[in-house]
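In what follows, a structure is listed as structure tokens, so that the remarks can point back to it.
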Amino acid sequence: MWESGGGFMTGTPGGESGTPGGAGGAGKKQRAQNVVPVDIGEIQSLGGDQMTVEGREVGMVVLVGRVKRVDHQATKNTYTIEDDTGTIDAVHWVDEGQEHTSSNVSENMHCRVIGAVRTAQDKKHVMIFKISQIENKDEIQAHGLEVLHAKLMIRKLQNQENTNIGMNSMSNSMMNFGSNSTAMPNMSTGNTFGNAQQDMIYKVIAACTRDEGIGREELMGQLKAKVSKVDLDSALDFLSGEGHIYSTIDDDHFKTIDS
């Protein structure tokens, strides 16, 4: 699903992700599972809740910018990030009481964010799956080129689909930007993470077939005899940060990437 050398993999035409054997019956619309580099202006110019690039739905985005402000709270870090096209808040959830050592990113640094676009109270933000510091300015320029390249490749895919050429192969094709600087999180198709609690929580999330996924409180209700709230939040943070699950209707509802 992920390209370890950087880049994105397309979903099925129109941005729907193919889920062999998935629950919910025929015609059920799934979130796109592709990852595409964008600039902030593209996110802020969206008219709706679904992120699209050149008309194709996007599951996750990669953006690069300068950190204007960092707000540390008990359960989340909020980064205000700007590039040449705009400004946006990016939210990284953390375990309550945990020291904020998951990232060395601070104000006035440049960073790379991998995450999903969300809308709350008519304001767009990015739900962070991974954030890292950028020390080489060449990486900033490279990101700009990758944004342009992604658009060109998507246009090419759209044109090929419109003329019905190679439809099946394109649905599973992988576009490689050829830059290790945009390496994505390591995804696993399995559900064993070397931690019994994480495995158990992942399986409960995967078993939920509702479009909105399962809520944090519902998870706690099902697992309260086996997992503390702190351990649950920590496991959700790990699974989100590694790209195994994603938030849906809000920051407290989750589905597995493969569901």
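Details
- Within the set V94, V38, the sole residue that is of a type in the set (V, I, T), at pLDDT below 85 and within 19 Å of F129 (Cα to Cα) turns out to be V94.
- Residues that are assigned to a strand (DSSP E or B), under 17 Å from G241 (Cα atoms) and either among the hydroxyl-bearing types (S, T, Y) or touching a helix residue (DSSP H, G or I) at 6+ places or on another chain (Cβ under 9 Å) (or both), drawn from segment 84-95: H92, W93
- Of all residues in segment 205-228, those satisfying the criterion of being farther than 13 Å from H253 by Cα and either outside any helix (DSSP H, G or I) or touching a residue at least 24 places away in the same chain (Cβ under 8 Å) (or both) are K224, A225, K226, V227, S228.
- Within segment 36-68, the set of residues being loosely packed, with under 14 Cβ neighbours inside 10 Å, over 23 Å from R155 (Cβ atoms) and not acidic (D, E) comprises K68 only.
- There is no residue in segment 157-177 that is surrounded by fewer than 17 Cβ atoms within 10 Å (Cβ to Cβ), in the same structural domain as V126 (by TED's automatic domain parsing) and at pLDDT 85 or above.
Listed here are the residues, each with its yes/no results for (1) of a type outside the set (A, V, I, L, M, F, W, C); (2) at pLDDT 95 or above; (3) in a strand (DSSP E or B).
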position	(1), (2), (3)
R31	yes, no, no
Q50	yes, no, no
A74	no, no, no
Y79	yes, yes, yes
E82	yes, yes, yes
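The values are calculated or read from the model by the stated rules, or taken from the named source; none is laboratory data. Since this is a predicted model, take the numbers as computed values, not measurements. Using ideal geometry, Cβ is built from the backbone for each residue, glycine included, and neighbour counts are taken over all protein chains shown.
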